[in-house]
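Chemist: Right, I'll just put the structure down here and ask away after.
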Amino acid sequence: PTLPSPTPTPTLPPSPPSPTPTLSSSSDKTKEGSTNPMLKQAAREFFERRERAWRPGVVLLMARALDAGITDEDGEALMKQRMLAEIVEMMSTAQVIHDDVLEDLEASENGNVAHRSYGGPLGNKVSLLAGDFLLARASVELAKLTNVAVVEIMGVSLENMCRGEIMQAQARVEDKLNTTYYTETVSLKTASLLAEACKCTALLRGDGRSSPNADAAFEFGINLGIAYQISADIVSFNGLVKAHLDGDEEGGALTPETMSLLVTALPPFALAAELDKTGELSEMAHRSFSEAGDVAAAIAAVEAAGGVALATEMAEGHITRARTAAAMLPDSVFKEGLHVMADYIVEEDQKGLQRAEWMDLQQKKAAL
């Protein structure tokens, strides 16, 4: 007998695609493909302040100076070195943003767009997020370099920045008056990032971690970074004193609190205090300039001791060490560029590092 044909299995219609879970509503300003405008604006503003982006400039000059500029401009090594330069500026800018929060800067001249838009605690929160946003971007770009040694070294430099920030925040009066403590703090907080980045330019071109090129690049960067901070602090000291002596309504007269928090931490004051055999500057600092006439007496004492000149000499000493390190590199126009950058660092008021737009704005303010 013929068996009946099996009944065909019915074909089921294809299942509709599962809906993709929505993690944010259409009004969410942080959804994929966009970033909160306030975070962008708060971060961008710091790229438009007084200084040019000189740190990535140094990193790129070092990258080209290491091989006298013969590297293929379209090659992978130089491409990664350019990425490293961008990472350095992002990390540095994030630190500046966080500094504004730590130092409670909310005035229009010193605070950022987040402070002016929100004010108070909320402005600080947005500032912190803007700094974290830049660090996150820097971390992503750092991973793209696909160099474990470079990632490790730059990670350590970020750790050093935090350690230096803590040293500065926790400094006691005797620490502020100790130039060795100041140099160690600056080395970690400011110079380490530039030094390690310069060293990493050598690693990205194939040099070893302890190679002569890597050591020379690090030595140049660490001394340039220290000299920069000393010179920047001299500019700050001169500005504070000038505003005080001129009775500048915007800057205001120096108060005992300002002297304790800011002025004593600057090299001109510390160096003058070290040379003060009477110990009066140290005594005034330890009593927080609480007695009548302490502020005026301290300013006069620093001027009499030549505190600014001593600090300038200190900065120039580190510039000399940086030049010695640069001398180990092959001769090239890029090596000359490193020397020019060293000149800018210790130039009066660091004019070579200032943005043209910022300088024009200051001239307009002075003309009013």
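Chemist: Out of the range 210-241, which residues are closer than 30 Å to A296 by Cα and of a type in the set (S, T, Y)?
Modeler: Result: Y228, S231, S236.
Chemist: So, one more: Do the conditions hold for A296, that is, is it in contact (Cβ under 8 Å) with a residue 12 or more places away in the chain, on the phi < 0 side of the Ramachandran plot and not aromatic (F, W, Y)?
Modeler: Here the answer is no, as A296 does not meet what is asked.
Chemist: Quick one: which of L145, L134 is open to solvent by less than 40 Å² (accessible area, probe 1.4 Å), in contact (Cβ under 8 Å) with a residue 40 or more places away in the chain and not in a helix (DSSP H, G or I)?
Modeler: Being open to solvent by less than 40 Å² (accessible area, probe 1.4 Å), in contact (Cβ under 8 Å) with a residue 40 or more places away in the chain and not in a helix (DSSP H, G or I) holds for just one of L145, L134, which is L145.
Chemist: So T180 passes all but one of these: (1) open to solvent by 10 Å² or more (accessible area, probe 1.4 Å); (2) within 19 Å of the chain's Cα centre (by Cα); (3) among the β-branched types (V, I, T). Which condition number does it fail?
Modeler: Here T180 meets the rest and fails (2).
Chemist: In the range 258-299, how many residues are out of contact with any helix residue (DSSP H, G or I) (no Cβ under 8 Å at 6 or more places or on another chain), at pLDDT below 95 and not in a loop (DSSP other than H, G, I, E, B)?
Modeler: Residues in the range 258-299 being out of contact with any helix residue (DSSP H, G or I) (no Cβ under 8 Å at 6 or more places or on another chain), at pLDDT below 95 and not in a loop (DSSP other than H, G, I, E, B): 2 in total.
Chemist: When only residues in the range 284-326 that are open to solvent by 60 Å² or more (accessible area, probe 1.4 Å) and within 26 Å of the chain's Cα centre (by Cα) count, which is nearest to V241 (Cα to Cα)?
Modeler: Top of the filtered list is A309.
Chemist: Something else: For the range 269-283, give me each residue that is within 13 Å of M259 (Cα to Cα) and open to solvent by less than 20 Å² (accessible area, probe 1.4 Å).
Modeler: Result: F269, A270, L281.
Chemist: Of all residues in the range 35-80 being of a type in the set (D, E) and modelled with pLDDT under 60, which is least open to solvent (accessible area, probe 1.4 Å)? Full working, then the answer.
Modeler: At the first step, the residues of the range 35-80 found to be of a type in the set (D, E) are 45, 48, 51, 67, 72-74, 76.
Now restrict to residues that are modelled with pLDDT under 60: 45, 48.
Working: E45: 40, E48: 120 Å².
Ranking the candidates gives E45 first.
Conditions tested, residue by residue: (1) within 22 Å of G57 (Cβ to Cβ); (2) touching a strand residue (DSSP E or B) at 6+ places or on another chain (Cβ under 8 Å); (3) open to solvent by 20 Å² or more (accessible area, probe 1.4 Å).
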site: S139; (1), (2), (3): no, no, yes
site: V156; (1), (2), (3): no, no, yes
site: C162; (1), (2), (3): no, no, yes
site: R172; (1), (2), (3): no, no, yes
site: K189; (1), (2), (3): yes, no, yes
site: A195; (1), (2), (3): yes, no, no
site: R205; (1), (2), (3): yes, no, yes
site: S210; (1), (2), (3): no, no, yes
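Chemist: Additional query: Only one of these conditions is not met by L281: (1) free of Cβ contacts under 8 Å to residues at least 12 places away in the same chain; (2) touching a Phe, Trp or Tyr at 6+ places or on another chain (Cβ under 9 Å). Which number is it?
Modeler: (1)
Chemist: Could you check L254 against (1) part of a helix (DSSP H, G or I); (2) open to solvent by less than 50 Å² (accessible area, probe 1.4 Å); (3) within 28 Å of E347 (Cβ to Cβ) and say which number it fails?
Modeler: Every listed condition holds for L254 apart from (1).
Chemist: Is it the case that the range 217-240 has a residue that's buried (at least 22 other Cβ atoms within 10 Å of the Cβ), under 28 Å from D74 (Cβ atoms), polar (S, T, N, Q) and touching a helix residue (DSSP H, G or I) at 6+ places or on another chain (Cβ under 8 Å)?
Modeler: Within the range 217-240, none of the residues are buried (at least 22 other Cβ atoms within 10 Å of the Cβ), under 28 Å from D74 (Cβ atoms), polar (S, T, N, Q) and touching a helix residue (DSSP H, G or I) at 6+ places or on another chain (Cβ under 8 Å).
For every residue, the table says whether it meets (1) within 19 Å of T179 (Cα to Cα); (2) of a type in the set (D, E, K, R).
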site: F237; (1), (2): yes, no
site: L240; (1), (2): no, no
site: E257; (1), (2): no, yes
site: L262; (1), (2): yes, no
site: D276; (1), (2): yes, yes
site: G279; (1), (2): yes, no
site: A296; (1), (2): no, no
site: E303; (1), (2): yes, yes
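Rundown of residues vs (1) at pLDDT 95 or above; (2) over 17 Å from Q229 (Cα atoms), yes/no style:
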{"position": "T320", "(1), (2)": "yes, no"}
{"position": "L353", "(1), (2)": "no, no"}
{"position": "M359", "(1), (2)": "no, yes"}
{"position": "A366", "(1), (2)": "no, yes"}
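Chemist: Considering every residue within the range 327-336, establish whether at least one is open to solvent by less than 60 Å² (accessible area, probe 1.4 Å), of a type in the set (G, A, S) and not in a helix (DSSP H, G or I).
Modeler: Yes, because at least one residue in the range 327-336 is open to solvent by less than 60 Å² (accessible area, probe 1.4 Å), of a type in the set (G, A, S) and not in a helix (DSSP H, G or I).
The values are calculated or read from the model by the stated rules, or taken from the named source; none is laboratory data. From a predicted model like this one, the values you see are computed outputs, not experimental measurements. No Cβ is skipped: glycine too gets one built from the backbone with ideal geometry, and neighbour counts run over all protein chains shown. Heads up: the accessible areas ignore ligands, DNA and RNA and are worked out on the full protein's heavy atoms, side chains in. Shrake-Rupley method; radii C 1.70, N 1.55, O 1.52, S 1.80 Å.
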